[in-house]
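Input: one structure, supplied below.
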Amino acid sequence: MAFYWLGKQGALAQWGALLAGVVAAVAVFFSAQPGRDLWVFGRDAWREVGKVVWPTRKESVQMTAYVFAFVVVMALFLWLTDKTLEWVIFDLILGWRK
């Protein structure tokens, strides 16, 4: 409300009022129980991230290569299966492509 109420005072007063309102809202939120719970959760999450054992560059490259190889093999398998079923259904059973 102060943003519009201070319209005649200039942009600096408007944005200052808006900023003060946001700061007050954040202060009220973090002084209430949900805000304190969020702060504790964030602190605990940050602590857990510090415990993570991150893979080395070599491990990351190897796992990425494994995933790409699997995708290529799976794509070939599905393509072959599709073409085989297409041949069986349309050529052998229905006889559409003679």
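Against the longest alpha carbon principal axis of the chain, how many degrees, from 0 to 90 and to the nearest 10, is the axis of helix 57-86 turned?
50
Please give the calculated 222 nm ellipticity per residue for the chain, where each DSSP H segment of at least 4 residues contributes -39500 (n - 2.57) and the sum is spread over every residue; nearest 500 deg cm²/dmol?
Theoretical 222 nm ellipticity from helices: -25500 deg cm²/dmol.
So if I take the alpha carbon set of the chain, get Rg, then get Rh from the Kirkwood formula, what is the Rg over Rh ratio?
Radius of gyration relative to Kirkwood radius: 1.49.
Something else: Give me the aspartates and glutamates in straight-line cross-link reach of K83: C-alpha distance below 18 Å, same-chain residues under 8 apart excluded.
Qualifying aspartates and glutamates at Cα under 18 Å: D91.
Values in this text are rule-based calculations from the coordinates and carry no lab data. Just so it is clear, the structure is predicted and the values come from calculations on it, not from any experiment.
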